[in-house]
Amino acid sequence: MIPCATDLQLAGVKFKMNEKSDNILNVKFSHGVLEIPPFLIHYHTDILFRNLVAFEQCCLEAKFHVFTTYLVFMDYLVNTSKDVALLHRNGIIDHFLGSDDNVALLFNRICIGIFHNFNASYLSDVKDNVQKHCENKWNMWRASLKRDYFTNPWSFISLMAASILLLLTITQTFFNVFRYFRPRS
């Protein structure tokens, strides 16, 4: 449904910590930026998450399964320790579990056996917008260009110098051909 965080980064999605929100469920996506509120994972987070999911799955009054939706969304984002490291670098995930592999394992195991209709959830618009962004080839090309060729200012300066040199060469060739076909009298 949603690519993992490292794949989203390759598609040009930027991750930003939503500092203004006091609710970890407040996930937003606009203009290629996925804003996720920060949260802390400690040793008892696994138990807390499982209990909240069990409550939403068993309680008849809990129709929207808001926290389950959030955990399924995070499960899509986090597949490996590289995804956790990326989210940690952007200030979204902080943990006391020892390694990023343990956090990835927590998210990958938490949603096993859960039936959830993501299309009828509060994050369905976020999912749709992220998918549209990733399907747009221009976003992927632009992200690849930035990542591969514009990581430092010297590569940009080299591109500009090469472009100017090419423009001057084309101009010189044009005037030489023009002079050949229209000689001076």
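Placing unit charges on the Cβ atoms of the charged side chains and taking the dipole of region 56-157 about its Cα centre, the candidate lying farthest along the positive direction among Gly91, His116, Ser144 is Ser144.
For region 78-185, which chymotrypsin sites (Phe, Trp or Tyr not before Pro) are in a loop by DSSP, counting at most 13 other Cβ atoms within 10 Å? Within region 78-185, the qualifying chymotrypsin sites (Phe, Trp or Tyr not before Pro) (loop, at most 13 other Cβ atoms within 10 Å) are Phe96, Phe115, Phe150. Looking at region 1-99, the trypsin sites (Lys or Arg not before Pro) that sit in a DSSP loop and have at most 12 other Cβ atoms within 10 Å of their own Cβ are Lys20, Lys63.
Looking at the chain, identify the longest residue range that excludes and avoids all GluC sites (Glu not before Pro) in DSSP loops having at most 15 other Cβ atoms within 10 Å.
Within the chain, the longest run free of exposed GluC sites (Glu not before Pro) spans 62-185.
Calculated FRET efficiency, Met17 to Met160, Cβ-Cβ distance, R0 = 41 Å: about 0.75 to the nearest 0.05.
Using Cβ counts within 10 Å as a stand-in for footprinting exposure, how do Thr169, Thr68, Thr80 rank, fewest first? Intermediate values should be presented prior to the final figure.
Values: Thr169 10, Thr68 24, Thr80 16.
Ranked by crowding around the Cβ, least crowded first: Thr169, Thr80, Thr68.
Across the chain, the mean sequence separation of Cα contacts (distance under 8 Å, 6 or more residues apart), normalised by length, yields a relative contact order of 26 percent. In the chain, the alpha-carbon atoms span a convex hull of 158 Å³ per residue.
With 10 angstrom as the radius, rank Ile92, Ile114 by how many other C-beta atoms surround their C-beta, starting from the fewest. List each step's numbers first, then the result.
Details: Ile92 23, Ile114 15.
The order, fewest Cβ neighbours first, is Ile114, Ile92.
How much net charge surrounds Ile93 when only the other residues with a Cβ under 10 Å from the Cβ of Ile93 are counted, with Lys and Arg +1 and Asp and Glu -1? Kindly include the intermediate steps, with their values, before the conclusion.
Working: positive: Arg89; negative: Asp83, Asp94, Asp100.
The answer is -2.
Full extension of the segment from Tyr122 to Ser144, taken as 0.36 nm per residue of separation minus the current Cα-Cα distance, would add 4.8 nm. Summed over qualifying helices (DSSP H, 4 residues or more, each -39500 (n - 2.57)) and divided by its residue number, the chain shows a 222 nm mean residue ellipticity of -18000 deg cm²/dmol. Sorted ascending by nearby beta carbons within 10 Å, beginning with the fewest, Thr151, Thr45 become Thr151, Thr45. The calculated FRET efficiency for the pair Asn51 and Glu135, based on their C-beta separation and a Förster distance of 30 Å, comes to about 0.25.
Computed from the coordinates by the stated procedures, all read-outs in this text should not be read as laboratory data. Here the structure is a predicted model, which means the values were calculated and not measured. No Cβ is skipped: glycine too gets one built from the backbone with ideal geometry, and neighbour counts run over all protein chains shown.
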